[in-house]
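Undergrad: Sharing a structure, written as structure tokens. Questions coming.
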Amino acid sequence: METLLKPRNNVHKLTIMALLTAISIVIVIPFNPSIFAAAPWMEYDMADVPVLLATFALGPVAGLEVLAAVSLLQAFLLGGNGLVGAVMHFLASGTFILVAYFIYNKGRSVKSMLIGLLLGTLAMAAMMVPLNLIITVNFYGQPIETVKAMLVPIIIPFNLIKAGLNSVIFFVLYRVLKVVLKK
């Protein structure tokens with residue numbers, strides 16, 4: 001996609017980044033269902049799909065910049081968990097997009113993209129284990145036993161589902177955009 005959305009200049013690049021940030025926020029507002037009844041605060045959202053588009057279209061630095069803006073906007077404007085939630089979102093999704101991008105970038109094929117998205121999904125779920133053990137315990141005051149008890153039945157599956165769905169949506173969108181933008 002990098003060749004399809006090659007920005008003409010910095011203003012064009014910033015405009016694309018701002019648009020993808022706005023889309024990321026707008027798609028979160030009407031649709032963020034809870035996946036597990038036992039953890040209703042863990043809501044699925046598609047915010048990482050435009051972040052993946054920014055990463056694959058404009059590079060990893062632009063993707064991280066869009067992710068930072070999205071994380072902060074979600075945390076403070078959409079009733080998120082403040083700065084702590086923004087940091088967790090940035091670290092988890094940052095891991096996801098960087099792994100996906102760098103694996104894809106090595107082969108630049110459909111196969112390398114699928115492998116990158118799969119490994120990015122696994123990396124995000126893995127990153128959420130120490131983040132929850134450290135941040136949820138120390139900043140949200142949850143007992144470590146409670147967090148440990150939630151890792152396998154809720155936290156890891158939630159993050160696999162969230163990143164997995166976002167990977168599928170991104171992949172389909174990427175393939176459609178590739179065809180449409182070539183015309």
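Undergrad: Looking at (1) outside any loop (DSSP other than H, G, I, E, B); (2) closer than 21 Å to Asn159 by Cβ; (3) of a type outside the set (S, T, N, Q), find the lone condition where Phe31 falls short.
TA: (1)
Undergrad: Something else: Go through the residues of segment 21-28 one by one and say whether even a single one is at pLDDT below 90 and on the phi < 0 side of the Ramachandran plot.
TA: Yes; the residues of segment 21-28 include at least one that is at pLDDT below 90 and on the phi < 0 side of the Ramachandran plot.
Undergrad: Then there's this: Does Val70 count as in contact with a His (Cβ under 9 Å, 6 or more places away or on another chain) and closer than 17 Å to Ile27 by Cα?
TA: Yes: the conditions hold for Val70.
Undergrad: Note down all Cβ pairs under 7 Å where the first residue falls in segment 72-83 and is within 15 Å of Ile135 (Cα to Cα), the second is surrounded by 13 or more Cβ atoms within 10 Å (Cβ to Cβ) and acidic (Asp, Glu), and they're at least six residues apart or on different chains.
TA: Pairs found: none.
Undergrad: I'd like to check which helices (runs of 4 or more DSSP H) are fully inside segment 67-183 and have at least 2 residues that are among the hydroxyl-bearing types (Ser, Thr, Tyr) and crowded, with 17+ Cβ neighbours inside 10 Å.
TA: Because the criterion is at least 2 residues that are among the hydroxyl-bearing types (Ser, Thr, Tyr) and crowded, with 17+ Cβ neighbours inside 10 Å, the helices (runs of 4 or more DSSP H) in segment 67-183 that meet it are 82-107, 156-182.
Undergrad: Does segment 145-162 contain at least one residue that is of a type in the set (A, V, I, L, M), touching a Pro at 6+ places or on another chain (Cβ under 8 Å) and more than 21 Å from Val51 (Cα to Cα)?
TA: no
Undergrad: Which residues, counting only those in segment 29-64, are surrounded by fewer than 18 Cβ atoms within 10 Å (Cβ to Cβ) and acidic (Asp, Glu)?
TA: Glu43
The values are calculated or read from the model by the stated rules, or taken from the named source; none is laboratory data. It should be emphasised that the depicted structure is a prediction, and the values quoted were computed from it without experimental measurement. Using ideal geometry, Cβ is built from the backbone for each residue, glycine included, and neighbour counts are taken over all protein chains shown.
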